[in-house]
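J.: Please read through the structure below; I'll follow up with questions.
The values are calculated or read from the model by the stated rules, or taken from the named source; none is laboratory data. Just so it is clear, the model here is predicted, and its values are computed rather than measured. Cβ sites come from the backbone with ideal geometry, for glycine too, and all protein chains shown count toward neighbours. All accessible areas refer to the heavy atoms of the entire protein, side chains included, with ligands and DNA or RNA removed. Shrake-Rupley method; radii C 1.70, N 1.55, O 1.52, S 1.80 Å.
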Amino acid sequence: MPQIGQFTSSDSKLTKIWQVADRTLRLCSGIFFIDGIKRDRWVWAGDAFQCFYMNRYDFFDKEIVERTILGLRGELNIKQHLDTIVDYSMYWLIGIELYYETFADKHFLKAVYPKLKKLIDFSLEATDDNGFIHERKGDWIYIDWADFDHQGPLCAEQIVLARALQSVIKVSKLLNKDSQKYERHFQKLRKNIDKYYWDDQKHAYVDSYESGKQRVSRHANIFAILFDYVDSQRMESIFKDVLLNDEIPQINTPYFKFWELEAFAKAGYYQKVLDVIKTYWGGMLDNGATTFWEYFDPAEKGNERFAMYGDKYGKSLCHAWGSSPIYLIGRYLIGLKPTQPGYKTFEIHPQLALMGNFKGKFPISAEGDYIALEVKDRMLTIDATKAGGTLIIGHKRISIPTEHRESIVIEGNK
């Protein structure tokens with residue numbers, strides 16, 4: 001994999017975290033994005049889905065994404081969910097939309113559309129009158145390595161299904177396919193998620209409405225924020241009563257830290273994102289990590305740090321989903337994102353007040369285009385090889401030229 005995405009900082013720990021995340025992702029990349037190099041060495045859809053995001057800021061390799069999408073889905077007819085995990089099928093569906101947003105290739109969309117339709121139809125066969133998806137015999141409702149109230153349909157799973165339906169609808173419309181059935185199911189599902197799972201007293205979504213326990217986990221509430229399923233009032237209450245509440249069990253996988261920190265970033269908690277990257281992934285470095293792990297609980301000491309699945313040394317110590325600082329730094333602290341498919345237009349909105357001196361280079365096309373920026377002694381220098389970019393600093397929007405470098409004096413975020 002070519003060295004395209006680069007990042008160094010005056011904060012040596014942040015630089016090291018980027019380097020180790022990059023090494024982790026490289027070791028889990030080849031023919032496909034695989035989960036890890038020690039144990040499974042398998043194309044797991046959840047790991048792969050997060051790699052699609054990280055790939056944007058590191059390799060921008062179009063072919064490995066296509067191979068992984070095809071390798072996961074297999075033949076046209078389907079008898080079981082991807083990797084037997086219901087949510088992993090949902091991520092595959094969302095990943096098709098993400099692919100188009102990244103590469104703007106309708107030819108690939110047309111090629112995989114029959115498989116997309118078969119998978120969503122297969123999934124909807126297991127839904128009830130409320131639109132909620134249930135697990136069949138042999139299915140696994142995973143979401144995360146966490147303790148959920150699994151009595152009845154799990155809230156987080158229903159929210160992921162809703163988001164997958166949105167992707168199916170969007171891809172269908174891009175290809176001029178009929179999406180009315182999926183739109184009707186989405187509307188019913190969204191209404192019933194709020195009706196059955198939102199608890200006004202807890203100011204949060206609960207895991208299960210059937211058990212009566214009204215147990216609150218972080219996961220469904222994180223998804224609700226990420227997918228824009230809550231208004232500003234509910235979002236504020238979720239942060240106060242769930243995500244900033246230490247009584248709600250913490251997340252101990254890099255896998256779901258990815259989503260949690262993205263929710264914080266979406267709400268503007270950039271300092272929190274930076275702090276957790278340095279304490280959580282930095283905590284693995286402090287424990288001797290040279291690649292990032294499948295699971296990390298800072299409270300675990302000694303050899304117990306390496307145990308998993310009842311195996312004393314069963315934990316994967318090089319796991320693809322551990323590479324998410326690449327995405328979190330590139331997308332939110334550097335602030336680079338496409339605003340039209342294929343980066344026809346794009347924005348970069350760096351959090352200058354937090355970042356100190358830094359230097360970064362990030363790919364913006366599969367053909368080798370990039371944007372590079374450096375902050376040194378209050379001078380921001382920016383260089384792009386592709387037109388269509390906008391630099392955002394405070395309330396100022398500056399068109400990024402391609403024929404020369406642009407340098408700007410900065411103070412804080414101004």
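J.: Heavy atoms only, probe 1.4 angstrom, no DNA, RNA or ligands counted: give me H185, H203, H395 ranked by accessible area, highest first.
T.: Solvent-accessible surface, decreasing: H395, H203, H185.
J.: Can you tell me the FRET efficiency between Q250 and E347 if r is taken as the Cβ-Cβ distance and R0 is 41 Å, rounded to the nearest 0.05?
T.: The value I calculate is 0.80.
J.: Could you tell me which residue out of G138, L174, S123 lies farthest along the dipole of region 49-180 toward its positive end? Charges go on the beta carbon: Lys and Arg +1, Asp and Glu -1, centred on the Cα centre.
T.: L174
J.: Continuing with the same structure: Taking 1 over the mean of 1/r across every pair of different Cα atoms in region 358-414, what Kirkwood radius in Å do you get?
T.: Taking the inverse mean of 1/r over all distinct Cα pairs, region 358-414 comes out at 11.9 Å.
J.: Under the 0.36 nm per residue contour assumption, what length would be gained going from the current alpha-carbon distance of Q19 and Q3 to full extension?
T.: 4.6 nm
J.: Averaged per residue, what accessible area in Å² does the chain show with a 1.4 Å probe, protein chains only?
T.: 43
J.: Just how large is the dipole of region 290-332 about the Cα centre, in debye to the nearest 20, putting +1 at every Lys and Arg Cβ and -1 at every Asp and Glu Cβ?
T.: The dipole magnitude comes to about 120 debye.
J.: Looking only at Q250, Q233, Q158, which one moves most when the chain is put into a Gaussian network model with springs between Cα atoms under 10 Å?
T.: Q233
J.: A further question follows. Could you give the alpha-carbon Rg of the chain over 2.2 N^0.38 Å, rounded to two decimals?
T.: Against the empirical 2.2 N^0.38 Å value, I get 0.97 for the chain.
J.: Report, in debye and to the nearest 20, how large the dipole of region 81-224 comes out about its Cα centre when Lys and Arg carry +1 and Asp and Glu carry -1 on their Cβ.
T.: With Lys and Arg at +1 and Asp and Glu at -1, about 640 debye.
J.: For the charge dipole of the chain, defined by +1 on Lys and Arg C-beta atoms and -1 on Asp and Glu C-beta atoms about the Cα centroid, which residue among L336, V409, Y309 has the Cα displaced farthest towards the positive pole?
T.: So the residue we want is V409.
J.: For R405 and D228, what is the calculated FRET efficiency with R₀ set at 30 Å and r taken between the beta-carbons, to the nearest 0.05?
T.: With R0 = 30 Å, the Cβ-Cβ based efficiency is 0.25.
J.: Also, I was wondering about something else. Can you give me the distance in nm between label points at K359 and H150, each placed 7 Å from the Cα along the Cα-to-Cβ direction?
T.: 5.0
J.: What share of Cα pairs, in percent, lie more than 24 angstrom apart in region 1-118?
T.: 29
J.: So for region 175-221, if I pair up every lysine 8 or more residues apart or on another chain, how many of those pairs have alpha-carbons under 26 Å apart?
T.: 10
J.: To the nearest 20 debye, what is the magnitude of the charge dipole of region 235-308 about its Cα centre, counting +1 on the Cβ of each Lys and Arg and -1 on the Cβ of each Asp and Glu?
T.: 220
J.: When the accessible area of region 230-384 is split by element with a 1.4 Å probe, what percent falls to carbon and sulfur?
T.: 46
J.: Alpha carbons only, please: Rg and Dmax for region 55-161, in angstrom.
T.: So, for region 55-161, Rg and Dmax equal 14.9, 44 Å respectively.
J.: Contour minus end-to-end for K181 and D40, with contour as 0.36 nm per residue of separation and end-to-end as the Cα-Cα distance?
T.: 47.0 nm
J.: Given the options W92, W293, W140, which has the most mean-square fluctuation in a GNM of the chain, springs set between C-alpha atoms less than 10 angstrom apart?
T.: Looking only at W92, W293, W140, the largest GNM fluctuation is found for W140.
J.: How much length is gained if the chain between W140 and D194 is pulled fully straight, taking 0.36 nm per residue apart and subtracting their Cα-Cα distance, in nm to one decimal?
T.: So the extension gain works out to 17.1 nm.
J.: Count the net charge of all other residues whose Cβ sits under 12 Å from the Cβ of L189, scoring Lys and Arg as +1 and Asp and Glu as -1.
T.: Residues close to L189 contribute a combined charge of +1.
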